[in-house]
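So the structure is just underneath, and the comments pick up after that.
The values are calculated or read from the model by the stated rules, or taken from the named source; none is laboratory data. These numbers come from a predicted model, not from an experiment. Every residue, glycine among them, receives a Cβ derived from its backbone with ideal geometry; neighbour counts consider all protein chains shown.
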């Protein structure tokens, strides 16, 4: 009661000035509140490197929003989070987005990385050319619909090789496949770029860079397969917010492309066993910097969609028969 009486007395004596000060403070606090963008990420995924740097350098705050990371255990979990509205953004490939749009779930895609993966063999392996994978034991990371595996199959088929029928295949998690390759249980692995980097740092040899196979399929650009994915309705309602996210992401990637300090902060999450692995992972991330989407990229996407849809069929693209160009968000370009 004494405290309440004192506050009341103060307001009575200084009423207008104090009330004005309180209102100003309340307005300032409200102005400091920035729109929230929630992004579901895999805790140890490469997208976490980019988004954690974005947060650490306050690029989100600079661009007028606040980024919240929601770590989840699997890609399926991130997709479920997006569909349920628990988050606004995830990372996925645009072929998955095409499938969702064909099913009525209008999502959109903004490039994250042009890196895909590699085919890795032992340094002393007799396998020197893609054709020599015929009849070999091949481990495939990510399952039968892994985009790198589909790209490899498409190019092999152009050369008259049906790897799906003419090789012994083992699908599995990337760390297990790396171990199987090292133990001599596999002749080659088709794996994601950051797992290939770990093998290369220990002396294993990249037979094929999957990022470069598009040229053999008639593509003219380095088409990014992975990107930030969000609901088209959300982007339509908040175009400035999506554009701000795009700017912040580009600032984060530019920072990591130029500054070593950002990598030192990320090193614990990278789980690099030694300096060689650390440098390989750093170089691999930087080489995947995506270009701004152009009309040529969209033509290449249509071409690649048709090629991979022939191989992956409905399990890959669902009911989609052609690529919907509206899946690519270009509002901030």
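Quick notes on this one:
- Counting the residues of the range 262-279 that are in a helix (DSSP H, G or I) and either without any contact (Cβ under 8 Å) to a residue 12 or more places away in the chain or closer than 20 Å to residue 43 by Cα (or both) gives 12.
For every residue, the table says whether it meets (1) crowded, with 17+ Cβ neighbours inside 10 Å; (2) free of Cβ contacts under 8 Å to residues at least 12 places away in the same chain; (3) in the same structural domain as residue 300 (by TED's automatic domain parsing).
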{"residue": "80", "(1), (2), (3)": "no, yes, yes"}
{"residue": "86", "(1), (2), (3)": "no, no, yes"}
{"residue": "104", "(1), (2), (3)": "no, yes, yes"}
{"residue": "152", "(1), (2), (3)": "yes, no, no"}
{"residue": "156", "(1), (2), (3)": "yes, no, no"}
{"residue": "175", "(1), (2), (3)": "no, no, no"}
{"residue": "178", "(1), (2), (3)": "yes, no, no"}
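- So residue 240, is it surrounded by fewer than 18 Cβ atoms within 10 Å (Cβ to Cβ), modelled with pLDDT of 95 or more, assigned to a helix (DSSP H, G or I) and at negative phi: yes
- Count of residues meeting criterion [at pLDDT below 95 and in a loop (DSSP other than H, G, I, E, B)] in the range 72-113: 2
- Checked against the criterion of being surrounded by 14 or more Cβ atoms within 10 Å (Cβ to Cβ), in the same structural domain as residue 80 (by TED's automatic domain parsing) and outside any helix (DSSP H, G or I), the candidates 230, 171 yield just one match: 230.
- Residue match in the range 158-165 (condition: farther than 26 Å from residue 75 by Cβ, in contact with a helix residue (DSSP H, G or I) (Cβ under 9 Å, 6 or more places away or on another chain) and surrounded by 15 or more Cβ atoms within 10 Å (Cβ to Cβ)): yes
- Answer from 210, 199 - the residue that is touching a strand residue (DSSP E or B) at 6+ places or on another chain (Cβ under 9 Å) and at pLDDT 95 or above: 199
- Criterion (within 18 Å of the chain's Cα centre (by Cα), modelled with pLDDT of 95 or more and either over 25 Å from residue 43 (Cβ atoms) or in the same structural domain as residue 42 (by TED's automatic domain parsing) (or both)) met by exactly one of 305, 328: 328
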